[in-house]
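The values are calculated or read from the model by the stated rules, or taken from the named source; none is laboratory data. These numbers come from a predicted model, not from an experiment. Cβ atoms come from the backbone with ideal geometry, glycine included; neighbour counts cover every protein chain shown.
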Amino acid sequence: MDNFIKMANKAIVDAMDELGSKKGDSGMLVITNAGYGQIDNNRSVPLIDTVSELTGCTAGKGSLLGALTDCDAPVWFSIRNNTGKTVFIKWENKEFKNQIFDASPATLLEYENWKQIAEGLVGPKTLNQIGSIGSLWFRKAPWYVLKGAELHGGACPGNFAGFFVHQYLKQNLALGKGDHYLFVFAPPTCGMDILQLIYASSAGQKQMLSMQFGADKLAAYISEDVVVFATVIRVNQVQDTCRGVILGFDIKKASRDAGVDFETFFPVGLKSSPLFGFSRTKVSHYLATLGFDEQMSYISELKKFSGKQQMAQQIAGAGSNPYKVIFSA
C-alpha cells in the first residue's frame with residue numbers, strides 16, 4: 001500500500017500545482033470515493049488521510065466529502081479550487097490519470113458543457129456524483145443534505161424532498177416524550193437515505209419500511225399528480241397512540257421551476273446518459289436556494305390519520321399494501 005500512497009501523493013501534488021492552490025486555501029473542496037472504493041484490490045480508505053494532509057480539506061471543515069460507490073470501484077478524487085476549476089484523478093490501468101474541467105455552476109449547469117465533461121475520464125455516473133454534491137456544497141446546503149447525498153451516491157430532488165419532510169415534521173408532527181417515528185415508503189423513494197441519517201432510523205432497526213407498490217394500485221387510493229413520498233407515523237407506546245400522515249412531493253413543479261424538462265429525468269440509458277445526472281443536479285441546485293415556506297410549497301398532505309398504537313403495527317405488517325389499513329380506518 002505504501003507505493004500506492006506515494007503515487008497518490010504525487011497525483012494530488014500535481015493537481016494542486018495545476019490549480020495554483022496551497023494547503024488550506026479557502027474555497028477548496030475534495031470529493032472522493034476513497035472511503036468505499038479500492039486500488040488494485042486494496043482498500044483505498046488510507047488515501048483519505050493522504051488527500052486531507054496535502055490539501056488541508058477535512059470533514060470537520062466541511063471541505064472533504066465522500067461519495068458512495070461499489071466496493072470494487074477504482075478510487076478517485078475530485079479537487080476543486082475557489083473558482084470551480086477541478087482536477088479529477090482516477091486510478092486506471094495501474095496509474096493515476098486526470099481530467100481538468102470547470103465545475104462552477106455557471107459552466108456545469110449548461111447541458112452542453114456537462115455533456116462534454118462527461119465524455120472524459122470522469123464519465124457520466126461519476127460526474128453525477130461530483131457535480132451534484134459539489135453544487136450543493138457551493139449553495140451551502142445543510143450538512144445533513146450533503147451527508148444524505150454522500151450515502152445516496154449523489155444528490156437528487158428526492159434527497160431534498162427527504163430534507164423537506166424533516167422540516168415539515170419539525171413543524172407539524174414533532175416528537176414529544178416517549179414518541180418515535182415509523183417511516184413507511186411504498187414505493188421506496190430517494191429521500192429514504194437522508195431521513196435514515198437524520199433520525200438514525202433504518203430497516204434493520206425496524207423503524208423504516210420499504211415496500212414495492214405499483215402506480216396502478218396506488219391510484220386506487222391517491223389521485224393527486226405528485227410523487228407519494230413517505231408515510232410517517234408518530235407512535236407513543238405508553239399512551240397507546242399513533243398519528244400519521246402520507247406526504248407527497250411535487251417533483252414536476254420543482255422541475256418546471258428549475259427550468260428542467262421532467263422527461264429528461266428518464267433518458268435512454270438512465271445513469272449512463274449525461275442527462276440523468278444533469279437534470280437531477282440542476283433541480284437540486286435550485287431546491288438548495290429555498291426558504292422554509294418555499295420548501296413546504298412542494299410538500300402535500302395527502303392523508304392524515306390517527307388511532308391506537310396497534311394501527312401502526314397493522315400498517316407495518318400489511319405486507320405490500322399499507323394504504324389498505326390507512327384508508328379503511
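Data for the structure
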read-out: Yes/no for LEU127 being crowded, with 24+ Cβ neighbours inside 10 Å and among the aliphatic types (A, V, I, L, M); value: yes
read-out: Selection count, the stretch 1-46, where residues are of a type outside the set (A, V, I, L, M) and in a helix (DSSP H, G or I); value: 10
read-out: The one condition in (1) over 16 Å from TRP137 (Cβ atoms); (2) in a loop (DSSP other than H, G, I, E, B) that ASP49 fails to fulfil; value: (2)
read-out: Residue among ASN113, ASN128, ASN81, ASN159 that alone is without any contact (Cβ under 8 Å) to a residue 12 or more places away in the chain, polar (S, T, N, Q) and touching a helix residue (DSSP H, G or I) at 6+ places or on another chain (Cβ under 6 Å); value: ASN113
read-out: Selection from the stretch 280-309 of residues that are touching a residue at least 12 places away in the same chain (Cβ under 8 Å), in a helix (DSSP H, G or I) and more than 18 Å from the chain's Cα centre (by Cα); value: PHE292, MET296, GLN309
read-out: Criterion (more than 23 Å from LYS140 (Cα to Cα) and either modelled with pLDDT of 95 or more or surrounded by 22 or more Cβ atoms within 10 Å (Cβ to Cβ) (or both)) met by exactly one of GLU263, GLU301, GLU294; value: GLU301
read-out: Scan of the stretch 157-186 for residues that are touching a Gly at 6+ places or on another chain (Cβ under 9 Å) and in a loop (DSSP other than H, G, I, E, B), ordered by number; value: LEU173
read-out: Matching residues in the stretch 124-142 - criterion: being among the charged types (D, E, K, R) and within 16 Å of LEU287 (Cβ to Cβ); value: ARG139, LYS140
read-out: Set ARG243, ARG280: member being surrounded by 14 or more Cβ atoms within 10 Å (Cβ to Cβ) and closer than 22 Å to ALA329 by Cβ; value: ARG243
read-out: Spans of strands (runs of 3 or more DSSP E) in the stretch 197-279 with at least 2 residues in contact with a Lys or Arg (Cβ under 9 Å, 6 or more places away or on another chain) and outside the structural domain of THR107 (by TED's automatic domain parsing); value: 227-236, 241-249
read-out: LEU29 under 27 Å from the mean Cα position of the chain (by Cα) and touching a residue at least 60 places away in the same chain (Cβ under 8 Å); value: yes
read-out: Criterion violated by TRP143 - all others in (1) closer than 21 Å to LYS271 by Cα; (2) modelled with pLDDT under 95; (3) in contact with a Gly (Cβ under 8 Å, 6 or more places away or on another chain) satisfied; value: (1)
read-out: Single match in ILE222, ILE251, ILE299 (criterion: among the hydrophobic types (A, V, I, L, M, F, W, C), out of contact with any helix residue (DSSP H, G or I) (no Cβ under 7 Å at 6 or more places or on another chain) and within 18 Å of ALA186 (Cβ to Cβ)); value: ILE222
read-out: SER63 vs. criteria in the same structural domain as GLY148 (by TED's automatic domain parsing), in contact with a Leu (Cβ under 8 Å, 6 or more places away or on another chain) and in contact (Cβ under 8 Å) with a residue 24 or more places away in the chain; value: yes
read-out: Options SER320, SER328: the member that is in contact with a helix residue (DSSP H, G or I) (Cβ under 9 Å, 6 or more places away or on another chain), farther than 29 Å from TYR144 by Cβ and of a type in the set (S, T, N, Q); value: SER320
read-out: Residue that is surrounded by 22 or more Cβ atoms within 10 Å (Cβ to Cβ) and under 18 Å from ILE198 (Cα atoms), where the choices are ALA118, ALA141; value: ALA141
read-out: Exclusive hit being touching a strand residue (DSSP E or B) at 6+ places or on another chain (Cβ under 9 Å), surrounded by fewer than 15 Cβ atoms within 10 Å (Cβ to Cβ) and not hydroxyl-bearing (Ser, Thr, Tyr), set GLN171, GLN237; value: GLN237
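Here's the yes/no breakdown for (1) at pLDDT below 90; (2) of a type outside the set (Gly, Ala, Ser); (3) in contact with a strand residue (DSSP E or B) (Cβ under 9 Å, 6 or more places away or on another chain):
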site: PRO157; (1), (2), (3): no, yes, yes
site: GLY162; (1), (2), (3): no, no, yes
site: HIS166; (1), (2), (3): no, yes, no
site: GLY176; (1), (2), (3): no, no, yes
site: HIS180; (1), (2), (3): no, yes, yes
site: PHE183; (1), (2), (3): no, yes, yes
site: PRO188; (1), (2), (3): no, yes, yes
site: SER202; (1), (2), (3): yes, no, yes
